[in-house]
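This report refers to the structure that appears directly beneath it.
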């Protein structure tokens, strides 16, 4: 057969295999598509059913389902689908069939190509024939199997069964699921047992209106429904609503923005339903045109505000532009009918009207699209009625005192809401009628400060000293119905003579200096505070900050005072008195205040702030407030120099305060000198000791150069003598000597000098301030007691330690001992004089060894510190005991002196007042007891129940017990020796009163009456006792006050005598005939003699002091006259005669003081003796009562016998003393009777 005619089977066979392969790949992909698509569909339906996805959500589910299923179909079969390729199919057949050895592939390739020259045609033919034969044997079913699709097919069939079962069981649900997933744009709900009936979507409400969501429920109705609300920016909020009768609702009281909601009830749920809230139209633009009344002359004004303030008769045109069209717009004004607005282009609202009253208003309109009515926020239209002009006279700022011809600059400020019309000056002289001068040039309205061209000197050329010119400015406005007038405050110029004017300037200066004095006191208090700052305390930072603020406040005060002084200087210049001494004085004070404010105070504040920074850890420096304290002290010292200029009282205060400050600094330097160990520290102490000497010398110099003699000559004299005493004590020289000793490293000798200097400075302070001496001594006494107590506790603590514990705590205890020594060395203790004489003193009392005891205590403490360092416990406690013993003696002496100084300062006024209070209480209490006794007696007569009086009796008992407890506390303090006998009687009264309570409770009226009578008798006895005590104390108080007054007189006369001696020396030392420097002192001395004369009236009945004083005054006047005539010798003779007269008076007064002192000693002894006898009487009564109830054979009886013998000794001793004083032997009889008992 020819090959062309022969039919080929190779190509159809390969195509059959390719077709079967493509079918298998397509089916594999399709099965994969179903295998993944069906579960994903079921999953998507489940998610949609559970979450009720939105359209976009369902679209996402569909996209995931289709894309993922198609991907799996492509992955498992569809990716292998391709067109027919014989060569590739032949290769696949050979791979699957086997044994063909590329026969089919070779035949396919030979069939596609033509024979090439040189090739074997026969071989080609044979190959093609063999391939045809092999192709006839090919079976596509055997080559391409579908067995691998069985499992996927089974899975798909199973899934299809599930779908079919699902559709069969719940066809509607399945249909909805198909629809919702595969057509997500279709809104359809799943079938549920519960049916929801909601209002249609697209609800539109007005902003602020009530929004009601009504929900109908049918089918299976649950008890509750869940309502979900959300806004565009807010999170979803869930609310539970109760279902009643197949419906429920939720109301939003005021809707403010768009929101959406959905409902869940049972298995039903709705889609999100939108609610649109329509806000009010917004005003985009406001144009308010204001046409003011013509008389104002103001141009038309356009503003962009709805709240307005306009004058009356203003025409207003409102033009509002809204953000959307409206209709039916009106203007609503309070108290008026609504007025329609012109609506232009739907969004512009226009109205015009003339306003005449203030009212609130708003606009209303209706939204054109939705028909909602809205009202704009309320605005207010203030229609201002015409106001009176306002005028203020700026210069002069206040009333003036002036010399004739002083120029006055008038400066005013004027304003009015309608403009200023006319202006005029209104003036009058003294009380004459007012006159008016119109100003040619009108004032500018609101033009700030304006100068008035008006000179009173031209209008009033005939003014005289003593006249007063009052003037003011009057202005009017331009109101058409009649101008309003306004006047400024009145200013007054009083014309004085040069002397009176300068006197007024001096008074103003004094007032300003009084403010400087207040600042000085503040600085002295600040110095006390700053120097006591401790960097180790927790409040150091805050304290530094507070003190820095205080310095800034004082600085502001000084700047303010300097400004007022500048005003006085300018006033002097305006009166052509710039060359007056007062002007220079004022300028000097002003300059000094500014220098202090910008110098020491600024530096003090800066240093305190730096300490705050150091305490806060801003630097690595160690906190040390000493530099700040030094700056504060410098500021206070400079202020004190200014205060000295004010008056003698100010000078005394500054002198006392500065002396106290010097004593404090000296005591501190004393301690530092003792503790100094390094040359650098000694150099610092030497420098500060030298500065202290300079300060002392400056204080003395300032006082002597600035002494004022106008007032209080005795006070001036006392201050002069105190300063001279300070000089006579060589205070400055001793300070410099101490500085040299410190520099030479001789601290022991320097410490002795410094100790004496502290006492000298304190004596100087208290020489002009006696009350300060007493208060300071009380503080010193309390501090001494504290040191003594602390020393005792430290010694007992050290003695109670074991040797090892002592060595371990030696550092801590050593520091405690050092602190006690510092407190002792910095103690401020003035000179302690000898005590007053008592009745039995045979010799004059000696001065207490205060200095020796202080040195002994200090030495013992220093030795104790050395023993601490050597770890010698026994030796340490021994030295501490020595210090303790010295402190005990010292405390006792200081206590005694505090009592003496208290008597000198206050006398017995406190005790007299206390006894007066006791008398009043006992008298009132006795009256209450007698009144209750009468009630009890009446009840007994009427035979009524007396138990009703128990409460009244108990109240009286409580009142008496409180009084007795107070007496007991006074006995413990030991301040009043009259208390023990009084307390014994009051306790007896209390006992009787308590017994009466028991009787009243038992309704025993007779017994209660007897006890109440007993209490009344004891109270009467106590009243008589206190009356006698009060009389004795009053007498003693009178004697002490008399003695004190005489002491003052002696002191003043002594100062006069000493000053007269100094004047004699000064007169002798004159080197020229010019003695003008002595005249103020001599005149003050003469006035002192006049001032001291009334003080001697108390002793006028005992001596004739008037005649010598009169002679002394005459002689002093002669001495001054002689000096003025240049006769030095006659002046000296007159002064010496005056001094003799004064010495005579001094001696006479001293004698009277001694007599008064002796009488006071007698009265004091008698008072104490009576008190002691009262105590003995009380104790004897107690023993007698105990003896009555104690049998002789009882052991307690022996104790009573011993007490009786002890009482006998006391009575015998007291009797002997009284016999020796009075010579009356009857005072020994009580002791004899006690001996017989």
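Computed from the coordinates by the stated procedures, all read-outs in this text should not be read as laboratory data. This one's a predicted model, so the numbers in the text were calculated from it and none came from an experiment. Methodologically, a virtual Cβ is constructed for each residue, glycine included, from the backbone with ideal geometry; neighbour enumeration extends over all protein chains shown.
Ranking 736, 230 by Cβ neighbours within 10 Å, fewest first, what do you get?
230, 736
Across bins of 5 angstrom width beginning at 0, how are the C-alpha pair distances of region 283-384 distributed, in whole percent?
In order of increasing distance, the bins hold 3, 13, 23, 26, 17, 11, 5, 2, 1, 0 percent.
Each label point is 7 Å from the Cα along the Cα-to-Cβ direction; what then is the distance between the points at residue 503 and residue 924, in nm?
Taking the two extended label points, one gets 5.2 nm.
Neighbour counts of other C-beta atoms within 10 Å: give me 654, 810, 330, 1189 arranged from fewest to most.
Fewest-to-most ranking of 654, 810, 330, 1189: 1189, 330, 810, 654.
Quick one: what Rg and Dmax do you get for region 675-768 from the alpha carbons, in Å?
Reported Rg and Dmax, both Å: 15.6, 52.
If packing is taken as the average number of other Cβ atoms within 10 Å across a peptide's residues, how do 935-946, 545-556, 626-637 rank, most packed first?
In descending order of packing, they fall as 626-637, 545-556, 935-946.
Report the Cα centroid-to-centroid distance between region 365-394 and region 1177-1196 in angstrom, as an integer.
101 Å
What relative contact order, as a whole-number percentage, does region 389-511 give when Cα pairs under 8 Å and 6 or more residues apart are counted?
Worked out over region 389-511, it gives 34 percent.
Using only the Cα atoms of region 612-674, build the gyration tensor, take square roots of its eigenvalues as a ≥ b ≥ c, and label the shape rounded, prolate or oblate: rounded if a/c is under 1.5, else prolate if a/b is larger than b/c, else oblate.
In terms of gyration-tensor shape, oblate.
Quick one: check the C-alpha center-to-center distance for region 289-356 versus region 724-755, whole angstrom.
What the calculation gives is 92 Å, centre to centre.
Using a 10 Å cut-off around each Cβ, can you sort 1023, 68 from fewest to most neighbouring Cβ atoms?
In increasing order of surrounding Cβ atoms, one gets 68, 1023.
Using Cα centres only, tell me the gap between region 646-671 and region 558-620 in whole Å.
With region 646-671 and region 558-620 each reduced to a Cα centre, they are spaced 23 Å.
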